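Inspection log for the structure reproduced underneath, given as structure tokens.
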Amino acid sequence: MYRGIDDVMNTFQPLMAERGIFLVPEVLDATREEWQTNKGGMLLYSVLRVKYTFYASDGTSISATVVGEGMDSGDKASNKAMAVAMKYAMFQVFCIPTEEM
């Protein structure tokens, strides 16, 4: 079952805020390619390697590094790559199942 970044953020933001946990992204690597579509338009393809560090109110932290890919015909390819990276960081850190239990 597909879970979008909005579902993940809407579920986890109040839980993390309640427990004094916040998340800081750091883009470690970024590549961007321009592809031409069959109709002659441009398509931007971004790949980001992002380190997400989860901080607790006591100063402790853990990090997860993930890759996100995004494609867009406008200026949103990197934003999409960040959203995908964050979603999978959350899935991995919190062991979120991707299928019905």
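Worth pointing out:
- First in region 1-30 and closer than 13 Å to Ala83 by Cβ, second anywhere and among the small types (Gly, Ala, Ser) and open to solvent by less than 80 Å² (accessible area, probe 1.4 Å), Cβ under 7 Å, 6 or more apart: Ile5/Ala83
- Residue match in region 48-70 (condition: closer than 18 Å to Asp7 by Cβ and open to solvent by 50 Å² or more (accessible area, probe 1.4 Å)): no
- Within region 3-46, the residues that satisfy the criterion of being exposed (fewer than 12 other Cβ atoms within 10 Å of the Cβ) and assigned to a strand (DSSP E or B) are Val24, Glu26, Leu28, Asp29, Thr31, Glu33, Glu34, Trp35, Gln36, Met42.
- The single condition from (1) in a strand (DSSP E or B); (2) over 24 Å from Glu99 (Cβ atoms); (3) among the charged types (D, E, K, R) that Glu69 fails is (2).
The values are calculated or read from the model by the stated rules, or taken from the named source; none is laboratory data. Note that the structure is predicted; figures quoted are calculated from it, not measured. Positions of Cβ are generated from backbone atoms using ideal geometry, with glycine treated the same way; all protein chains shown enter the neighbour counts. Ligands, DNA and RNA are stripped out before the accessible areas are found, and what is left, the full protein with its side chains, is counted by its heavy atoms. Shrake-Rupley method; radii C 1.70, N 1.55, O 1.52, S 1.80 Å.
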